[in-house]
Amino acid sequence: MDARFDMFANEVAVKFAKRFANAGLVIHQSSLPRSTQELVSLRASQINGCGWCIDMHTKEAAAAGETAVRLHLVAAWRESTVFSEAEQAALALAEEGTRLADAQEGVSDETWAAVRKHYDDDQVAALVALVALINAANRMAVIVHQRGGSYEPGMFAAALG
């Protein structure tokens, strides 16, 4: 199936994407580790079934030096030994923040405590913003059926100029 709409060919969509990317730049430039950013984005995208974002974040993470083993195990991070306690806390926040409708309490106190144990205030702010931003990106791509498979590292940044 082809994409329903080309978000990179419409003036309004491109204007929005540039502003969206600027919000992402705040997170990218934060002290939250880049590997954590990509792992969180990848996990939320897996949950949301966003092929475009899974493709993008897998390739961007690999280009930044993330190992294939860790990328393959993100979907089963609880059953893996390759993620630090801090990364596990971030992945739990990504899952609970993505699956808000699945739990009455949203993000559990246990997950929040783990996040606060491992991340300072700036990193927590970046992590919360990242979970919100990737979920919004997933929804846009899924709505228009933006398919994964053709992404090349750096492509998104280049498209926004």
### Message
Is it the case, given these coordinates, that residue 93 is open to solvent by less than 40 Å² (accessible area, probe 1.4 Å), hydrophobic (A, V, I, L, M, F, W, C) and in contact (Cβ under 8 Å) with a residue 60 or more places away in the chain?
### Response
no
### Message
I need every pair where a residue in the stretch 100-125 that is closer than 15 Å to residue 32 by Cβ has its Cβ under 6 Å from the Cβ of a residue that is exposed (fewer than 13 other Cβ atoms within 10 Å of the Cβ), sequence separation at least 6 or different chains.
### Response
122/31; 123/31
### Task
Give me a count of the residues in the stretch 6-30 that are part of a loop (DSSP other than H, G, I, E, B) and at pLDDT below 90.
4
### Query
Under 9 Å by Cβ, and 6 or more places apart or on different chains, what pairs join a residue from the stretch 147-161 that is at pLDDT 75 or above with one that is in a loop (DSSP other than H, G, I, E, B)?
147/1; 147/2; 147/3; 148/50; 153/64
### Message
Restricting to the stretch 42-51, name every residue that is of a type outside the set (A, V, I, L, M, F, W, C) and surrounded by fewer than 22 Cβ atoms within 10 Å (Cβ to Cβ).
### Response
46, 48, 49, 51
### Task
Counting only residues that are within 20 Å of residue 45 (Cα to Cα) and in contact with a helix residue (DSSP H, G or I) (Cβ under 8 Å, 6 or more places away or on another chain), give me the helices (runs of 4 or more DSSP H) lying completely in the stretch 64-161 with at least 3 of them.
68-73, 85-98, 121-143, 155-160
### Query
Is it the case that some residue within the stretch 44-56 is over 20 Å from residue 147 (Cα atoms) and in a loop (DSSP other than H, G, I, E, B)?
no
### Qualifying residues in the stretch 10-34 (those that are open to solvent by 80 Å² or more (accessible area, probe 1.4 Å) and more than 19 Å from residue 90 (Cβ to Cβ)) - the one nearest to the chain's Cα centre (by Cα)
22
### Message
Looking for something out of contact with any strand residue (DSSP E or B) (no Cβ under 8 Å at 6 or more places or on another chain), crowded, with 19+ Cβ neighbours inside 10 Å, in contact (Cβ under 8 Å) with a residue 60 or more places away in the chain and aromatic (Phe, Trp, Tyr) - is there at least one such residue anywhere in the stretch 52-62?
### Response
yes
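The values are calculated or read from the model by the stated rules, or taken from the named source; none is laboratory data. All values reported here derive from a predicted model rather than from experimental measurement. Note that we place each Cβ from the backbone using ideal geometry, even for glycine, and neighbour counts take in every protein chain shown. To get the accessible areas, we keep the full protein, side chains included, count just its heavy atoms, and leave off ligands, DNA and RNA. Shrake-Rupley method; radii C 1.70, N 1.55, O 1.52, S 1.80 Å.
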